[in-house]
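Q: I am attaching a structure below and will ask some questions about it afterwards.
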Amino acid sequence: MAKSTNRPGVMGGLGGFGGFFDPRAAGYQDPVLVAATDGVGTKLKIAIDADSHAGVGVDLVAMCVNDLVVQGAEPLFFLDYFATGKLAPEAAAVIVAGVADGCRQAGCALIGGETAEMPGMYAAGDYDLAGFAVGAVERGQELTGTDVAEGDVVLALASSGVHSNGFSLVRKVAERAGADFAAPAPFQDGVTLAESLLTPTRIYVKSCLDAIRSGPSHGGVKAFAHITGGGLLENIPRVLPDGLGVDLDAAAWPLPPVFSWLRTAGGITPHEMLRTFNCGVGMVVIVDADQAERLEGLFRAAGEDVFTIGLVVKAEGPEDVHVGNLDEAWGAA
């Protein structure tokens, strides 16, 4: 599985105390390295209870590599950490296969990892995952958001579902609604609730790299924001210069049925939805207005569902992100 992820720059194979990677062999002349680490969170509880582990390896990779590409970096290699009380080889193999799948989607190599058995630390069948990714960008080509300006256009790349954040609240909503994870999903035909919620996190690396390499000045891309924990309200401001905010139109993108169900079943306010979940937007792209139409077409050609959802504006007060038309677009909870 690790061999299937090999790419230029990989030196040697598994089995040593560390993995080697040569950035020059990967085509970089003066690389700045970018590192990210993350996990899958309590989404794993649903995977464990449903005995469905195929997608969580993809989730693990996605949560790391999507954080790299927002800096303009190409993911180069990945390492995983798998901890459990007693190793179940069949489940572990499925999880690692998912990690390899995610690495192939991101174009990075799986060059090592750690499997830890810790009896007494984890209940029978439980496990946890952590991932570590390193990427590179040529010096001076980093994407930091400092060029974002009033009038820039905000694009949204659609999510594949809940991704890997907010699952403590998801599980609480399911519990209060009396929903059975093994029963049909109340908002999607043909799958169980667990199967729908376990849809893997979308990996945006290749389409985002295509965009920033499509022309000078990052192809007109000013910033990316990976919408993870904190949702739209807390992640977009991370790439905005002081004094700027965004004005978004909730009617400009569809709210996927899973979020409508969560909002209604949990009685969750729009503000809390926007602060907790991606609400159908997995990646925000802030672009030069003159390049917006071209980039929207590029993302669509790369297989993304893309929507123009707002503009960069002067910040008014403490709120950096304003979302209008919520009641009209989402309806009453």
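Q: (1) over 16 Å from the mean Cα position of the chain (by Cα); (2) part of a strand (DSSP E or B): which one isn't true of Gly131, the others all being true?
A: (1)
Q: State whether one or more residues within segment 186-200 are more than 18 Å from Ala73 (Cα to Cα), open to solvent by 20 Å² or more (accessible area, probe 1.4 Å), in contact with a strand residue (DSSP E or B) (Cβ under 9 Å, 6 or more places away or on another chain) and in a loop (DSSP other than H, G, I, E, B).
A: Yes, some residue in segment 186-200 is more than 18 Å from Ala73 (Cα to Cα), open to solvent by 20 Å² or more (accessible area, probe 1.4 Å), in contact with a strand residue (DSSP E or B) (Cβ under 9 Å, 6 or more places away or on another chain) and in a loop (DSSP other than H, G, I, E, B).
Q: Could you tell me which numbered condition Asn235 fails, if it satisfies all but one of (1) without any contact (Cβ under 8 Å) to a residue 60 or more places away in the chain; (2) open to solvent by 10 Å² or more (accessible area, probe 1.4 Å)?
A: Only one criterion in (1) without any contact (Cβ under 8 Å) to a residue 60 or more places away in the chain; (2) open to solvent by 10 Å² or more (accessible area, probe 1.4 Å) is unmet by Asn235, namely (2).
Q: Looking at Ala177, is it under 22 Å from Arg275 (Cα atoms) and touching a helix residue (DSSP H, G or I) at 6+ places or on another chain (Cβ under 6 Å)?
A: Working: under 22 Å from Arg275 (Cα atoms): yes; touching a helix residue (DSSP H, G or I) at 6+ places or on another chain (Cβ under 6 Å): yes.
Considered against the rule, which asks whether it is under 22 Å from Arg275 (Cα atoms) and touching a helix residue (DSSP H, G or I) at 6+ places or on another chain (Cβ under 6 Å), Ala177 comes out as yes.
Q: Take Gly267 and tell me if it is in contact with a Leu (Cβ under 9 Å, 6 or more places away or on another chain) and at positive phi.
A: Judged against the criteria, Gly267 is not a match.
Q: Could you list all residues from segment 1-41 that are within 25 Å of the chain's Cα centre (by Cα), over 22 Å from Ala130 (Cβ atoms) and not in a loop (DSSP other than H, G, I, E, B)?
A: Correct list: Lys3, Pro31, Val32.
Q: For segment 53-94, give me each residue that is surrounded by 24 or more Cβ atoms within 10 Å (Cβ to Cβ), among the hydrophobic types (A, V, I, L, M, F, W, C), in contact with a strand residue (DSSP E or B) (Cβ under 7 Å, 6 or more places away or on another chain) and in a helix (DSSP H, G or I).
A: Val56, Leu60, Val61, Met63, Cys64, Val65, Leu68, Val69
Q: Follow-up. I need the helices (runs of 4 or more DSSP H) fully contained in segment 267-333, keeping only those with at least 3 residues that are surrounded by 16 or more Cβ atoms within 10 Å (Cβ to Cβ) and not aromatic (Phe, Trp, Tyr). Step through it out loud before you land on a result.
A: Details: elements: 270-276, 292-301, 326-330.
Answer list for segment 267-333: 270-276, 292-301.
The values are calculated or read from the model by the stated rules, or taken from the named source; none is laboratory data. Keep in mind that this is a model prediction, so the values were computed, not measured. Because the Cβ atoms are built from the backbone with ideal geometry, glycine has one as well, and the counts that use them run over all protein chains shown. Only protein heavy atoms, including side chains, enter the accessible area calculation; ligands, DNA and RNA are left aside. Shrake-Rupley method; radii C 1.70, N 1.55, O 1.52, S 1.80 Å.
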